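The values are calculated or read from the model by the stated rules, or taken from the named source; none is laboratory data. Just so it is clear, the structure is predicted and the values come from calculations on it, not from any experiment. Please note: Cβ atoms are built from the backbone with ideal geometry, for glycine as well, and neighbour counts cover all protein chains shown. Remember, those area values only see protein heavy atoms, side chains included, never the ligands or the DNA or RNA. Shrake-Rupley method; radii C 1.70, N 1.55, O 1.52, S 1.80 Å.
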Amino acid sequence: MSINATFFAQLVVFFLLVVFTMKFVWPPIANALDERAQKIADGLAAADKAKAELSSANKRVEAELAQSRTETASRLADAERRALTIIEEAKAKAADEGNKIVAAAKAEAEQQAVKARESLREQVAALAVKGAEQILRKEVNADVHADLLSRLKTEL
């Protein structure tokens, strides 16, 4: 065999190997590389989308937090206003109740004073009758002198 024939045979085998490789080996490798590139591109797109969604979610969370803070502050202010109103109403009720109690106590004291005056008048009238008896040295009949005794009570 000569070198040319060997070279030619090697050249034919090489081309057959290249054709076999291009037809059967290269397409699965190219498909695998394309799929891998597509997966990487999809992953990067998903990562970008996730970043955008995260940013959007963070903005929504911040907005909701600001809204909840505002609502909380509003509710606290309302609660404080209600508490002050309730306290003022309780103070007013307590003052009214205290005034009623004082008025009732004054009325009761006035009634007791009137009763005490009546009792004292009767006692003074009885003492006056006894004193008159002693002075006149005779018994004074209360039934007979009722008009006189009632005038005496009113004068005292």
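So the values come out like this:
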read-out	value
Three-way shape call for the range 1-73 based on the alpha-carbon gyration tensor, with the a/c threshold at 1.5	prolate
Accessible area (Å², per residue) of the range 54-128, counting only protein heavy atoms and a probe of 1.4 Å	85
Dipole of the chain, positive end: most advanced residue of GLY43, SER55, ALA126 [Cβ charges, Cα centre]	GLY43
Count, lysine Cα pairs under 19 Å in the chain, 8 or more residues apart or across chains	9
Net charge contributed by nearby residues that have their C-beta within less than 12 Å of ARG81 (K/R +1, D/E -1)	-1
Net charge of neighbours whose Cβ lies under 15 Å from the Cβ of PRO28, counting Lys and Arg as +1 and Asp and Glu as -1	0
The range 3-69, accessible surface, carbon-and-sulfur percent (1.4 angstrom probe)	70
Kyte-Doolittle mean at least 0.5, axial Cα span of 18 Å or more - DSSP H helices of the chain	3-20
Unit charges on C-beta of K, R, D, E only; dipole of the chain, Debye	240
Whole-number Å³ per residue for the convex hull built on Cα positions in the range 1-136	164
